[in-house]
C-alpha cells in the first residue's frame, strides 16, 4: 500500500466510477482497476462493489476511505509545511463557496492570488451554505465562504465581504422605475424563494424575523434551487424575488431586470470565511485566507 494507491482509491469512491477516476488521475481504467485490486489483496478483503454503472465502497472500503482521506491530507500538509519552511507556497487548496462567493467573488480573486503564487492549484466547490459547511466539517474542503451566519458546533466564521440584496423585478413590471417598494406591497406579489439551506434564504428570513414577519406571510409562487433558476423564473414572469445585487448585475445592465431597494428594510448581509475549529490549516490555506482578509481590509469592491 502506498499513498498513490490511496489517492486512486479515494477518487474511485468520490466519483463512484472507475472510468471517471481514471480520467481524473490521468490513467487508463485497467491501471486504476489494477491499483484497487492490489489494495484488496493487501488488506485481504473486497473494498468496492460495482453496482451497474455506479461503484460503491463495501463496509471495509468505507473504513479504509476514512483513513485514506486523513493520510492524504496529512501528506499534503507535510508537503505544504516543507515548502513554507523553504519559503515557497505551493500545493493544492480545495475551497467551498455558496452561490454568490463561489460563482462570482472567489473566481475573480483566484487569478490575482495565482500571480503571486503560481505553483498552487485551487479548486472551488459550489453549493448552498449548508452543503459547504457540511463539507468543511467533513474535511472535504479546506475552508469555505458562505452567505449566512450559522449556529454550528465545530465551525468558526469570520465576517468578510458585504453584499447588498435587492428586490429584483422583470423589465416592464409595474414597479419599474420606482425608487423603492414597501414590504406591505411585496407581501401581495407572487414571490420566488430559494431552497432551504441557501444563505440567501436564511439571510432573508433573519431580516424578516427582525420585522416580525416570516416567508409564510408572502405569496410564494415557487421555490427554486439556485440563483440562476430564480433569475430565469423572474424573467419568465413566475414572480419577483430578493437576490444579491452582484448576481443580477449583468441582467440589470442589459435592462432585462431591475434591482430595487425595499423602503422599510435594510437587506445588507455579509459573507463569512468559514473553517473547521479544530483543524490545523496548511500554509497554503493560511496564505489564501490572509489574502482574502487583506482584500477586505483594502475595501475591495467589485466592478459590477
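Note on the chain: GNM, Cα springs under 10 Å; of 188, 255, 53, the largest mean-square fluctuation is that of 53. Summary of packing: across the peptides 197-207, 115-125, the per-residue average of other C-beta atoms within 10 Å ranks them, highest first, as 197-207, 115-125.
Shape class for segment 3-83, computed from the alpha carbon gyration tensor (a ≥ b ≥ c): prolate, with a/c not under 1.5 and a/b above b/c. With respect to the chain, whose longest principal axis is taken over its alpha-carbon atoms, helix 199-210 is tilted by about 40°. Site pair residue 210 and residue 293 shows an inter-label distance of 2.6 nm when each label is modelled 7 Å from Cα along Cα→Cβ.
Compared with the alpha-carbon gap, the fully stretched path from residue 152 to residue 24 is longer by 42.8 nm at 0.36 nm per residue. Express the Stokes-Einstein translational diffusion coefficient of segment 149-238 in µm² s⁻¹, to the nearest whole number, given a Kirkwood radius over alpha-carbon pairs, 25 °C and a viscosity of 0.890 mPa s. Value of D from the Cα-based Kirkwood radius: 166 µm²/s. Measuring max minus min along each principal axis, the C-alpha atoms of segment 114-182 give extents of 50, 36, 19 Å (largest first). If the viscosity is 1.002 mPa s and the temperature 20 °C, what Stokes-Einstein diffusion coefficient in µm²/s follows for segment 146-296 when Rh is the Kirkwood radius over Cα pairs? Translational D for this selection: 128 µm²/s. For the pair residue 50 and residue 71, a Förster radius of 22 Å applied to the C-beta separation gives a FRET efficiency near 0.35, rounded to the nearest 0.05.
Between 75, 249, 60, the GNM of the chain built on Cα springs shorter than 10 angstrom shows 60 fluctuating the most.
Values quoted throughout were computed directly from the atomic coordinates according to the rules given, and no laboratory measurement underlies them. Predicted model only: the values in this text are computed from it and were never measured. All Cβ positions, even for glycine, are placed from backbone atoms using ideal geometry, and neighbour counts span all protein chains on display.
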